[in-house]
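*Asks:* One structure follows; several queries about it will come next.
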Amino acid sequence: MATINKNYNKLQGSYLFLEIAKRTKDFLEKNKGVELMRLGIGDTTEPLSKAVISGLSAGVKKLRKKKTYTGYGHPQGKIELRNALVDFYKKRKIDLRPEEIFVSDGAKSDSANIQSIFGQDNIAAIMDPVYPVYLDSNVIAGRTGELKNGRYEGLVYMEGNEENDFMPPPPEVKVDLIYICSPNNPTGSVATKNELAAFVDYALNRKAVIIFDAAYAEYIKDESLPKSIYEIEGAKKCAIEINSFSKWAGFTGVRLGWTVVPEDLVVEGVEPGKVISLWARRQSTMFNGASNIAQDGALAALSTKGQKESQKLIAYYMGNATLIKQTFSNLGFKVFGGENAPYVWVRIPPSLTSWEFFDKLLREAHVVVTPGSGFGLKGEGYIRLSAFGDKKNVKRAMKSIEKNFKP
Ligand SMILES: Cc1ncc(COP(=O)(O)O)c(C=O)c1O
């Protein structure tokens, strides 16, 4: 008799965005004709840049002719694309080799799957609040015990709060895998070089591996802040970096990301290069390579023209972030993030839970946000607003909040 993977039973409730969708649907059923303004999900809304469209179109055209048609490609991604990514890092004075880069269908799958190459008994540390994928993938893999009072047994939580500007220090106890997301989803905070250096020191001393999610790196304006963990000395010995074309080039629907596994990465008991070969084996067994069309689009996104056009997209969304930040500050809320990241994190009054606040905003202002508690215990007391969205819609939402919301 087949049985299920019982670890799924340990997962907390439904996926956050399914619950948001359910509550908004219920509201709309009871309030027919109301037009909602959605600032909840971090999904891009603006069309792809001209450069990307022509790259994608060229990719499609190649498939029209026998001479240029391609089927399965290199499992790690087209060499031209990996070389372009090598150049992308070179501009940040980081030397990588194309063999260390793995192109994929996005950062979500990579950040969920990467844990599978590490031992079952590894102890993982995640930040709280956290992008839920790191947590859930480790629960499903059986690396945790049961959920008790909002905390999984066997997992280490690094608590983000206002005192540490939502970028907690490395754990005091010994852990093996450390997930860092910077710029951070959901809080919009960004780790400084010193903060990342503390994690690299920790990882080198304790032979831990950092999994660094840099999906929002292109949103960093402040040049003193690191866009890649490899800007920190020694990081190639202890960190895997995951990135994506989703947020800065509008690929949330096209789907393309990449993961860097450095040759020098050291893991207890194995020779350098072993971790690359494990990830290569995992990907070639369970993934058949990213779409060739999407890869042509990504090559165009990395071109000088493509990167320039992406800067406009980023500026557009960051204009929304500024507006959201200003509106909530003017209303007397304490506001975080939204400067080097497309998320604004707002402290709510202690009299309401973040789901109650979500319902109140929905009812009074018809605006959908994300309740902080969906990102962990330490997210309670906050909401997240996404700067991804049509400017007119964001303006309408802010006006509605100013006019109709009674804090
Ligand atoms: C921190 C973080 N990493 C990864 C992703 C997913 O990226 P992708 O679209 O490349 O799967 C998201 C999406 O919201 C995210 O917030």
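*Asks:* Quick check on the stretch 59-71. Is at least one of its residues at pLDDT below 95 and part of a loop (DSSP other than H, G, I, E, B)?
*Replies:* For the stretch 59-71, residues at pLDDT below 95 and part of a loop (DSSP other than H, G, I, E, B): absent.
*Asks:* Against the definition (within 16 Å of the ligand (Cβ to nearest atom), charged (D, E, K, R) and within 18 Å of Q115 (Cβ to Cβ)), how does E241 come out, yes or no?
*Replies:* It is true that E241 is within 16 Å of the ligand (Cβ to nearest atom), charged (D, E, K, R) and within 18 Å of Q115 (Cβ to Cβ).
Residue-wise test of (1) aromatic (F, W, Y); (2) closer than 28 Å to I383 by Cα; (3) more than 14 Å from the chain's Cα centre (by Cα); (4) in the same structural domain as R281 (by TED's automatic domain parsing).
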| site | (1), (2), (3), (4) |
| --- | --- |
| K91 | no, no, yes, yes |
| V103 | no, no, yes, yes |
| K108 | no, yes, no, yes |
| S116 | no, no, yes, yes |
| V133 | no, yes, no, yes |
| L147 | no, yes, yes, yes |
| Y152 | yes, yes, yes, yes |
| F166 | yes, yes, yes, yes |
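Residues checked against (1) surrounded by fewer than 17 Cβ atoms within 10 Å (Cβ to Cβ); (2) not in a helix (DSSP H, G or I):
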position: T285; (1), (2): yes, no
position: G297; (1), (2): no, no
position: M318; (1), (2): no, no
position: F336; (1), (2): no, yes
position: A341; (1), (2): no, yes
position: L362; (1), (2): no, no
position: K378; (1), (2): no, no
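*Asks:* Would you be able to tell me the number of residues in the stretch 187-215 that are surrounded by fewer than 20 Cβ atoms within 10 Å (Cβ to Cβ) and without any contact (Cβ under 8 Å) to a residue 40 or more places away in the chain?
*Replies:* Of the residues in the stretch 187-215, 9 are surrounded by fewer than 20 Cβ atoms within 10 Å (Cβ to Cβ) and without any contact (Cβ under 8 Å) to a residue 40 or more places away in the chain.
*Asks:* Name the one entry in G297, G374, G381 that is in the same structural domain as K32 (by TED's automatic domain parsing) and either β-branched (V, I, T) or modelled with pLDDT of 95 or more (or both).
*Replies:* On inspection, the qualifying residue turns out to be G381.
*Asks:* Also, I was wondering about something else. If I filter the stretch 267-281 for residues that are in contact with a strand residue (DSSP E or B) (Cβ under 7 Å, 6 or more places away or on another chain), within 16 Å of the ligand (Cβ to nearest atom) and either at negative phi or hydrophobic (A, V, I, L, M, F, W, C) (or both), do I get at least one hit?
*Replies:* no
*Asks:* Among the listed residues D110, D121, identify the single one that is within 16 Å of the ligand (Cβ to nearest atom) and either more than 28 Å from Y317 (Cβ to Cβ) or of a type outside the set (V, I, T) (or both).
*Replies:* D110
Residue-by-condition table, conditions (1) touching a residue at least 60 places away in the same chain (Cβ under 8 Å); (2) within 12 Å of P407 (Cβ to Cβ); (3) not aromatic (F, W, Y):
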| position | (1), (2), (3) |
| --- | --- |
| F336 | yes, no, no |
| R347 | yes, yes, yes |
| F357 | no, yes, no |
| K360 | no, yes, yes |
| S373 | no, no, yes |
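*Asks:* What are the pairs with Cβ atoms under 9 angstrom where one residue, in the stretch 216-235, is of a type in the set (S, T, N, Q) and the other, located anywhere, is surrounded by fewer than 23 Cβ atoms within 10 Å (Cβ to Cβ) and in a helix (DSSP H, G or I)? Sequence gap at least six, or different chains.
*Replies:* S224/K193; S228/Y89
The values are calculated or read from the model by the stated rules, or taken from the named source; none is laboratory data. On a predicted model such as this, the values are computed, not experimentally measured, just so you know. Counting neighbours? That spans all protein chains shown, and the Cβs are built from the backbone with ideal geometry, glycine included.
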